[in-house]
Amino acid sequence: MKKRMSEKGLKLLEGYEGIRLVAYLDTAGVWTIGVGHTGPEVHEGMIATLEQVRKWLDEDVREAEDAVNRAVKVALTQDMFDSLASFVFNLGATQFAKSTLLRKLNAGDYVGAGKEFKRWVYSGGKVTPGLVKRRHSEAEAFLNA
């Protein structure tokens, strides 16, 4: 059975990403709007409604959930799943699929996988304080599940 993010996980994700109704350039220079939504339709000056933000969030979270469900071959608690879905939401499914974190996790090394979160704190080639805080929180939830 496919797992989905819990309400607790969604609230944490919204806290990490924030909710922005006007498009902005993120730390990597990517146009972003809503709750971390990016894509070819996002552009400078774009304004969204809360209804549109919720629709994008549902779609984007579903993509992250599906990526975790496809890639992870070991059992996960809900907190572990939520941490990974948040990670994939931010990082992207392709990077996650190639990560040492996933390789360690699928080998049954939960502790080793949890320690890998801290490696993913760069945006635009620089350590980003917001990502350091986020990865610490994701790792903590993952390891203390």
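On the beta carbon distance between Ala28 and Leu50, with R0 = 22 Å, the FRET formula returns roughly 0.30.
Overall, the chain carries a charge dipole of about 600 debye about its Cα centre when +1 sits on the Cβ of Lys and Arg and -1 on the Cβ of Asp and Glu, all other atoms neutral. Please express the Cα-Cα pair-distance distribution P(r) of the range 43-112 as a list of whole percents, one per 10 Å bin, running from 0 to the bin with the greatest distance. Answer for the range 43-112: a P(r) of 19, 46, 21, 11, 3 percent.
Spherically averaged projected area of the convex hull of Cα atoms, the range 1-74: 5.8 nm². Kirkwood hydrodynamic radius computed over the range 7-143 comes to 15.3 Å, based on all pairs of distinct alpha carbons. I want to verify the translational diffusion coefficient of the range 100-145 in µm²/s; compute it with Stokes-Einstein, Rh as the Kirkwood radius over Cα pairs, at 20 °C and 1.002 mPa s. Reported coefficient: 198 µm²/s. Within straight-line reach of Lys118, meaning a Cα separation under 18 Å, sit the following aspartates and glutamates at least 8 residues removed in sequence or on another chain: Glu17, Asp79, Asp82, Asp109, Glu138, Glu140. With the simple model of a label 7 Å out from the Cα in the direction of the Cβ, Ser123 to Ser6 spans 2.6 nm.
Every read-out reported here was derived from the displayed coordinates using simple, explicitly stated rules and does not represent laboratory data. Source: prediction; values computed, not measured. Here Cβ is always computed from backbone atoms with ideal geometry, including for glycine, and neighbour counts include all displayed protein chains.
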